[in-house]
Amino acid sequence: MKNLDYLELGGTLFIPASHKRLKEIVCDNKYPHLKSVVIDFEDGLEHSDFEFAMQNINNILENITSKTLLTFIRAKNTQHLSELLRLSHIDKIRGFVLAKFSLANAEIYLNLLSCTNHIIMPSIEGEELFNHQKLHLLKEMILTNKHKVLLVRFGLEDMLKQLSMKRKCDESIFDLSAPASVVGNFIATFKSAGFGVSAGVYPCYRDKVGFIKDVKRDIKEGLLSKTIIHPSQIALINEIYKVQKREYEEATEIVNSQKKVFALNGKMAESVTMSSYSLELIHRAKIYGFKDE
């Protein structure tokens, strides 16, 4: 069951299940600093490659030995998830991303996984993103399986598609009023219920400056896991997730203080209200270390 913190995911590299070097990446430690990977049967896979992709997965399952790389599969739909769960050695996979998770399929997804030890990451990508009531209903369903849910994901590109929008490389999703409203509500809905939320993809994989800016904005919005699509983004995100020593010292003082309210470096500190953020920052420092200053 879930003995993992979502902060340990870092940048999660999405790779099509048909990728010819999938075994090299998942089993042979091709990217030693990569913390998590999703083998994608959904958006990243051509329909004509499906059979080869399934053969690829069987090969991966037979050869997985590493327990350091957190490996997940993004099933195509509920029927495909059912098929995957019948594969030999499927327990070597840490869990599943539940693609197009919606009110129409949520119960089926959750029932299929109810008797397994797999971790789940529901990915909400459809009309529920724009409907507060439907999003709340999905949250209530996910709460019944909170012990298995590592974090909740949203389909950023799916959302933009439904809005007939496309952002530029120098734009944050939080700079655009309608997307910012949708994502802000999503974050508030799930983080207030105790779930981690993963940041959306940054599509301009050759723009390192833009990627760094995007991740820093994610952190500002409370998002500390991110879909990545290129190996060059691995080292960048691991570096950005490092913690400033002064921030760490302040967080430690807040957590250890016997006072409810006190002055800290010229600012007000409240041990009760600020403890959640502080504990997360301390844990992040343990995983990623400290920034050079």
Q. Do we find that V209 is among the β-branched types (V, I, T), outside any loop (DSSP other than H, G, I, E, B) and surrounded by 19 or more Cβ atoms within 10 Å (Cβ to Cβ) in this structure?
A. no
Q.
It is to be established whether one or more residues within region 267-290 are under 23 Å from Y6 (Cβ atoms), open to solvent by less than 30 Å² (accessible area, probe 1.4 Å), modelled with pLDDT of 95 or more and in contact with a Lys or Arg (Cβ under 6 Å, 6 or more places away or on another chain).
A. yes
(Q) I'm checking my understanding of the structure. Among residues of region 5-16 that are part of a strand (DSSP E or B) and hydrophobic (A, V, I, L, M, F, W, C), which one is most open to solvent (accessible area, probe 1.4 Å)? (A) F14
Q: Find the residue count for region 17-57, including only residues that are open to solvent by 50 Å² or more (accessible area, probe 1.4 Å), in a loop (DSSP other than H, G, I, E, B) and of a type in the set (D, E, K, R).
A: 7
Q | Single residue of region 161-192 satisfying the filter (open to solvent by 20 Å² or more (accessible area, probe 1.4 Å) and of a type in the set (G, A, S)) that is nearest to V149 (Cα to Cα) | A | S192
Q: Assess whether I64 counts as being β-branched (V, I, T), surrounded by 14 or more Cβ atoms within 10 Å (Cβ to Cβ) and farther than 16 Å from H230 by Cα.
A: yes
Q: Please find, within region 94-140, the residue that is nearest to S181 (Cα to Cα) out of those that are among the small types (G, A, S) and surrounded by 15 or more Cβ atoms within 10 Å (Cβ to Cβ).
A: G126
Q: Give region 251-293 a look and list any residue that's assigned to a helix (DSSP H, G or I), under 27 Å from the mean Cα position of the chain (by Cα) and not aliphatic (A, V, I, L, M), or say none.
A: T252, S275, S276, Y277, S278, E280, H283, R284, K286, Y288
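The values are calculated or read from the model by the stated rules, or taken from the named source; none is laboratory data. Remember, predicted model here, so these are calculated numbers, not experimental data. Glycine also receives a Cβ, built like all others from the backbone with ideal geometry; neighbour counts cover every protein chain displayed. Just so you know, the surface numbers come from the protein's heavy atoms only, side chains and all, with ligands and any DNA or RNA stripped out. Shrake-Rupley method; radii C 1.70, N 1.55, O 1.52, S 1.80 Å.
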